[in-house]
Amino acid sequence: AKAKAGSEKAVIDACPEALVLRIPPVYGPGSKGSFRALVGAVQKGWPLPFGMVQAKRSYLFVNTLHSAVQFLLSANKAGIWNISDDHDIALPELINAIGEACGRRARLFSLPEGMLRVALALRPGLYEKIAGEFTLDVSRQKQGGFTPPFSLEAALLQTLLPA
């Protein structure tokens, strides 16, 4: 994190008109990785053990990213920008929202954090990747005049369209 921040500062110092984006996990049609796996699990009706996860996470819909880049470039907004959907969400809430977008009830149950960590231990870092706290401060995004153009519901519906 320190090296990344140092690199960002070096870019801005060398080129003050540069635009550096800090973004959370991006989702949208054709998403891969853990987001696609989560959507697939909800669509298949698999019971998911994340009912007790309280940590909030930031996400970014790909079309919101596109809109943010267009906005920042057209407004000549240089510097370092945190960009997100501005809707930090806990995993159970996200799973329920995916279920609603799929037209099916999500099947959540609760495992205590320790048991969940043990269950996911075969894949190091997976717990933090899907259930750890990760939010971005988007106050500059708001003050700079960018408002995400998609609600979570609309973004999820577009995400579920065939790629």
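The values are calculated or read from the model by the stated rules, or taken from the named source; none is laboratory data. Keep in mind the model is a prediction, meaning the values are calculated, not measured. Neighbour counts are summed over all protein chains in view; Cβ atoms, including those assigned to glycine, are modelled from backbone coordinates with ideal geometry. Accessible surface areas use protein heavy atoms only, side chains included; no ligands, DNA or RNA. Shrake-Rupley method; radii C 1.70, N 1.55, O 1.52, S 1.80 Å.
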Quick one: which residues, 5+ away or cross-chain, put their amide H under 5 Å from the amide H of Ala18? H built at 1.01 Å from N. Gly79
Descending packing, highest mean Cβ count within 10 Å first, for 36-44, 123-131 is 36-44, 123-131
Put +1 on the Cβ of each Lys and Arg and -1 on the Cβ of each Asp and Glu in the range 17-119; which of Gly40, Ala101, Asn63 then has its Cα farthest toward the positive end of the dipole? Gly40
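Taking only C-alpha pairs under 8 Å that are 6+ residues apart, what is the relative contact order of the chain in percent? Spell out each step's value before the answer.
Working: 238 pairs, mean separation 55.2, N = 163.
That works out to 34 percent.
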Residues whose placed amide H lies under 5 Å from that of Phe61, excluding near-sequence neighbours: Tyr27, Asp85
Integer Hz, Karplus 6.51/-1.76/1.60 couplings in order for the range 35-42, x for Gly and Pro: 5, 5, 4, 5, 4, x, 5, 5
Could you tally up the Lys pairs in the chain with alpha carbons closer than 25 Å? Skip any pair fewer than 8 positions apart unless they're on separate chains. 18
Contour minus Cα-Cα distance for Lys129 and Leu19 (0.36 nm per residue): 37.0 nm
antiparallel share of DSSP beta bridges within the chain, to nearest 5, in %, is 25 percent
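Just how large is the dipole of the range 1-72 about the Cα centre, in debye to the nearest 20, putting +1 at every Lys and Arg Cβ and -1 at every Asp and Glu Cβ? Could the numbers behind the result be given before it?
Values: 9 positive and 3 negative charges, 75 e Å.
Result for the range 1-72 is approximately 360 debye, rounded to the nearest 20.
With a 1.4 Å probe and all protein chains kept in place, how do Leu160, Leu60 rank by accessible area, largest first?
Largest accessible area first, the list is Leu160, Leu60.
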Can you list the HN-Hα couplings for the range 112-125, worked out from phi with the Karplus curve (6.51, -1.76, 1.60; θ = phi - 60°), rounded to whole Hz and with x for Gly and Pro? x, 3, x, 5, 5, 4, 5, 4, 9, 5, 5, 10, x, x
When you count, for each residue, the other Cβ atoms within 10 Å and take the mean per peptide, how do 13-20, 76-83 rank with the highest first? 76-83, 13-20
Note to self: with every protein chain in place and a 1.4 Å probe, the chain gives an accessible area per residue in Å² of 57 Å²
To the nearest 20 debye, what charge dipole does the chain have about its Cα centre, counting +1 at the Cβ of each Lys and Arg and -1 at the Cβ of each Asp and Glu? 460 debye
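In nm, what is the difference between 0.36 nm times the number of residues separating Ser151 and Ser139 and their Cα-Cα distance? Working shown, then result.
Working: separation 12, 0.36 × 12 = 4.32 nm, distance 1.80 nm.
My answer for the length gained is 2.5 nm.
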To the nearest 0.05, how large is the calculated FRET efficiency for Gln70 and Lys4 if R₀ is 30 Å and r is the Cβ-Cβ distance? 0.75
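Where the accessible area of the range 68-163 is counted over protein heavy atoms with a 1.4 Å probe, how much of it, in %, is carbon and sulfur? Write out the running numbers ahead of the final one.
Numbers: 3110 of 5630 Å².
Here carbon and sulfur together make up 55 percent of the probe-accessible area.
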Can you order the peptides 23-30, 90-97 by their average number of other Cβ atoms within 10 Å per residue, highest first? 90-97, 23-30
Give the separation of the Cα centroids, the range 3-65 to the range 85-107, in Å. 16 Å
